[in-house]
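A.B. asks: One structure, as structure tokens, below. Some questions next.
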Amino acid sequence: MNVTITPSSVAGAARAPPSKSYTHRAILAAGYADGATVRDALLSADTRATARAVDLFGGDVERREDGTLEVDGFDGRPDVPADVIDCANSGTTMRLVTAAAALADGTTVLTGDESLRSRPQGPLLEALTDLGAEADSTRGNGQAPLVVTGPLSGGAVSIPGDVSSQYITALLLAGAVTDEGIEIDLETELKSAPYVDITLEVLADFGVDARQTDGGFAVEGGQSYDPAGGEYAVPGDFSSISYPLAAGAIAGDEDDGVRIEGANPSAQGDTAIVEIVDRMGADVDWDREAGVIDVSSAPLSGIEVDVEDTPDLLPTIATLGAVADGDTHITNAEHVRYKETDRVSAMAEELGKLGVETTEERDSLTVHGGDSRLEGATVSGRDDHRIIMALALAGLVADGETTVEGADHVDVSFPGFFGMLEDLGVALERRE
Ligand SMILES: O=C(O)C1=C[C@@H](OP(=O)(O)O)[C@@H](O)[C@H](O)C1
Ligand SMILES: C=C(OP(=O)(O)O)C(=O)O
């Protein structure tokens with residue numbers, strides 16, 4: 001599907017979709033448990049991939065009418081799957097499920113789409129091998145397809161922290177049900193650190209002890225997953241909130257801006273988007289207790305933003321920077337190149353098609369802003385949900401029409417994204 005956007009101002013209310021990160025963890029944690037009810041779960045292509053894995057491990061994930069997920073767990077160690085696990089486009093699924101598969105007494109094969117088969121898995125495979133499993137890339141290049149044979153016994157392991165925090169999350173979730181537990185020593189500084197905080201929070205909510213140590217993280221073995229009251233509720237997703245927030249900041253109606261509901265505080269690092277938009281000069285107010293953010297537009301100025309903790313915000317910040325006056329310097333961004341696409345290059349090249357100048361370095365992206373330079377054009381969504389959504393935002397203020405190609409991939413994290421834009425008053429057309 002291609003989506004064509006005509007410049008529009010936005011006003012009205014939008015609801016944050018549930019957090020993708022919390023939903024993945026809650027589904028898998030409920031799998032490690034005897035089961036659980038996961039309320040307010042995100043139903044998207046990525047979280048369906050994790051649900052499929054839990055089914056293949058001997059659990060069962062059923063969706064009720066109200067969107068609640070009823071998960072029957074596999075209760076500790078997974079069964080050997082009767083089929084290959086297709087993780088589709090989801091890095092989180094592949095990393096978390098690879099470590100779970102290493103607990104099974106047999107062999108699991110994992111694969112994914114072309115993008116996922118190009119992302120780095122090597123450090124996790126080496127860690128699992130050091131911990132007593134066999135874990136290989138079929139092509140020997142550290143990328144999926146992966147073949148994992150358990151069982152994993154546990155122990156001490158060292159792993160780099162600057163490729164993906166999902167390796168740490170995966171080892172902590174699986175480590176709780178090993179015999180020996182897992183002690184993780186970080187070889188390099190941890191990037192995307194708040195995602196491990198989310199993991200520690202979900203583990204605690206499922207009655208599992210895990211902790212940060214001087215050199216990394218540790219989880220005792222022999223634990224059982226047991227969610228309080230048998231239920232888990234997922235908070236709103238701040239990476240997804242970044243889009244209506246940025247839409248309000250660049251194209252919000254001056255009298256009547258955008259109200260975002262479901263914005264309750266949680267461990268998500270991407271809550272930083274509220275402060276970023278505020279620092280750029282938008283009129284923003286977050287009532288944390290009510291979980292409501294109000295935003296309207298004002299002239300924006302370029303700023304410096306460090307995305308070490310918040311890689312998923314880079315595309316949104318790049319679009320904000322394209323509209324802002326002056327330079328927006330996005331630093332500490334090398335790990336943003338290991339996502340569904342190399343998002344540093346993708347945003348530089350696609351914003352370039354809209355007439356925006358950028359300077360790209362290995363670890364940073366500088367966007368030379370000023371809205372007079374945005375010209376509508378046809379851009380590629382790169383089959384990457386966050387690139388699609390960020391470029392659609394640029395279309396709100398570009399001169400003439402902007403067409404985003406391959407826009408159906410928003411299904412990965414925010415299936416209702418274009419419906420939400422329409423509800424806020426955006427004129428857009430979908431073409432198959
Ligand atoms: O654990 C998670 O839920 C995630 C961790 C981050 O990845 P990295 O740790 O690979 O940076 C983030 O980019 C991804 O969207 C979700
Ligand atoms: C990088 C992302 O997710 P994942 O790593 O799960 O594919 C994302 O949602 O932006």
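The values are calculated or read from the model by the stated rules, or taken from the named source; none is laboratory data. Every value quoted in this text rests on a predicted model; they were computed, and no experiment measured them. Heads up, the Cβs are rebuilt from the backbone with ideal geometry, glycines too, and the neighbour counts pull from every protein chain shown.
A.B. asks: Out of the residues in the range 155-170 meeting the condition of being away from ligand 2 (no atom under 16 Å from the Cβ) and aliphatic (A, V, I, L, M), tell me which one is nearest to LYS339 (Cα to Cα).
C.D. replies: Selected residue: ILE159.
A.B. asks: Are any of the residues in the range 34-54 in a strand (DSSP E or B), out of contact with any Asp or Glu (no Cβ under 7 Å at 6 or more places or on another chain) and crowded, with 23+ Cβ neighbours inside 10 Å?
C.D. replies: yes
A.B. asks: For the structure I just gave you, tell me whether TYR232 is surrounded by 17 or more Cβ atoms within 10 Å (Cβ to Cβ) and more than 16 Å from ligand 2 (Cβ to nearest atom).
C.D. replies: Considered against the rule, which asks whether it is surrounded by 17 or more Cβ atoms within 10 Å (Cβ to Cβ) and more than 16 Å from ligand 2 (Cβ to nearest atom), TYR232 comes out as yes.
A.B. asks: Which pairs turn up if I take residues in the range 29-46 that are more than 24 Å from ALA210 (Cα to Cα) and look for partners that are of a type in the set (Lys, Arg) with beta carbon separation below 9 Å, at least 6 apart in sequence or on another chain?
C.D. replies: Within 9 Å, the pairs are LEU42/LYS20; LEU43/ARG63; SER44/LYS20; ASP46/LYS20.
A.B. asks: Do the conditions hold for VAL356, that is, is it free of Cβ contacts under 8 Å to residues at least 40 places away in the same chain and either within 16 Å of ligand 2 (Cβ to nearest atom) or β-branched (Val, Ile, Thr) (or both)?
C.D. replies: Taking the combined requirement at face value, the residue satisfies it.
A.B. asks: Being in contact (Cβ under 8 Å) with a residue 24 or more places away in the chain, surrounded by 23 or more Cβ atoms within 10 Å (Cβ to Cβ) and hydrophobic (A, V, I, L, M, F, W, C) narrows it down to one of ALA127, ALA82, so name that one.
C.D. replies: It is ALA127.
A.B. asks: Have a look at VAL323, VAL336, VAL307 and point out the one that is within 11 Å of ligand 2 (Cβ to nearest atom) and either more than 16 Å from the chain's Cα centre (by Cα) or in the same structural domain as ARG386 (by TED's automatic domain parsing) (or both).
C.D. replies: Sole residue among the options that is within 11 Å of ligand 2 (Cβ to nearest atom) and either more than 16 Å from the chain's Cα centre (by Cα) or in the same structural domain as ARG386 (by TED's automatic domain parsing) (or both): VAL336.
Here's the yes/no breakdown for (1) more than 27 Å from GLN121 (Cα to Cα); (2) more than 16 Å from ligand 1 (Cβ to nearest atom); (3) in a loop (DSSP other than H, G, I, E, B):
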| residue | (1), (2), (3) |
| --- | --- |
| SER345 | no, yes, no |
| ILE387 | no, no, no |
| VAL410 | no, no, no |
| MET420 | yes, yes, no |
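A.B. asks: Looking only at the range 185-202, how many residues end up being among the charged types (D, E, K, R) and crowded, with 19+ Cβ neighbours inside 10 Å?
C.D. replies: 1
A.B. asks: Got a number for residues in the range 389-419 being surrounded by fewer than 20 Cβ atoms within 10 Å (Cβ to Cβ), in contact with a Ser or Thr (Cβ under 9 Å, 6 or more places away or on another chain) and of a type in the set (Gly, Ala, Ser)?
C.D. replies: Number satisfying all stated conditions: 2.
A.B. asks: Among VAL367, VAL397, which is assigned to a loop (DSSP other than H, G, I, E, B), under 17 Å from SER242 (Cβ atoms) and among the aliphatic types (A, V, I, L, M)?
C.D. replies: Result: VAL397 is the single residue among VAL367, VAL397 that is assigned to a loop (DSSP other than H, G, I, E, B), under 17 Å from SER242 (Cβ atoms) and among the aliphatic types (A, V, I, L, M).
A.B. asks: With the condition being under 23 Å from THR47 (Cβ atoms), I'd like the strands (runs of 3 or more DSSP E) fully within the range 66-144 carrying at least 3 qualifying residues.
C.D. replies: It comes to 69-72, 107-111.
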